[in-house]
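Quick note: the coordinates plus some simple rules give every number you see, no bench work behind them. All values reported here derive from a predicted model rather than from experimental measurement. Because the Cβ atoms are built from the backbone with ideal geometry, glycine has one as well, and the counts that use them run over all protein chains shown.
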Amino acid sequence: MDNQEKPFLGHLEELRRRIIRGLVGLGFGFAEKLLHWLAKPLPHPLVFINPTEAFVATIEVAFFAGLVLALPYICWQLWGFLAPGLLKNEQKPVLFSLMVGAVLFFTGLTFAYYIMLPWGLKFLTGFGSPLIVPMITLGNYLSFCLVIMFVLGLVFNFPLLVVLLTRLGMVTPQKLSAYRYLAFLVIMVASAVLTPPDVFSQLLLSIPLAIIYEISILVSRFFLPRHPQPE
């Protein structure tokens, strides 16, 4: 049977197998080094208060690192799944979008690690004193750190999604502007759910998301299809 005639469930099964292959690279060999790397922005040593906390943290770090490192391979497997169902003139734009998406994801991770986390952690731990000694647990720190990095990696792809939807005529800069306040409300709620229950952590995540939304409006305006003027 030709690939284009495969039933929909058959395509989903193939996609599932390809994703599993992409995640085979997950492992523990680099987890300890990566844990040291993640802890660098924190000016204080980490502690753990639960016997299983260090083990669970190692699993979380290994999964996150494996997912990030396997991302190019996952994109390649995803392309292998999508390519047979695309026309020749559609293949290059889709392949380009996958490549740009991977680059934007890594850009979001880099921005979170080198800019947001050092600044935010320096501010938050600056309230310590000889009387109030910060003792940050390993589990809490990883949750805070990995959520911000992963969410920003995904959100950095939002302008790319807006470009695709704009070119398809499903989104316009006018619509994005009209829903700005609703989008900001969703951003605040999502930040409150994803971050620890304090206002600063929520702002640390919500402000970049709001800026990216505004950038997406400008991107949509730039890529809006221009209709030919009547003669």
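Below, the figures for the structure above:
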quantity: Residues with amide H under 5 Å from that of I136, placed H, sequence gap 5 or more; calculated: V47
quantity: Rough spin-label spacing in nm, given labels placed 7 Å along Cα→Cβ, for H44 and I207; calculated: 2.2
quantity: Fully extended contour minus Cα-Cα distance, from L69 to K88, at 0.36 nm per residue; calculated: 3.9 nm
quantity: Ranked list, fewest to most other Cβ atoms within 10 Å of each Cβ, for K88, K33; calculated: K88, K33
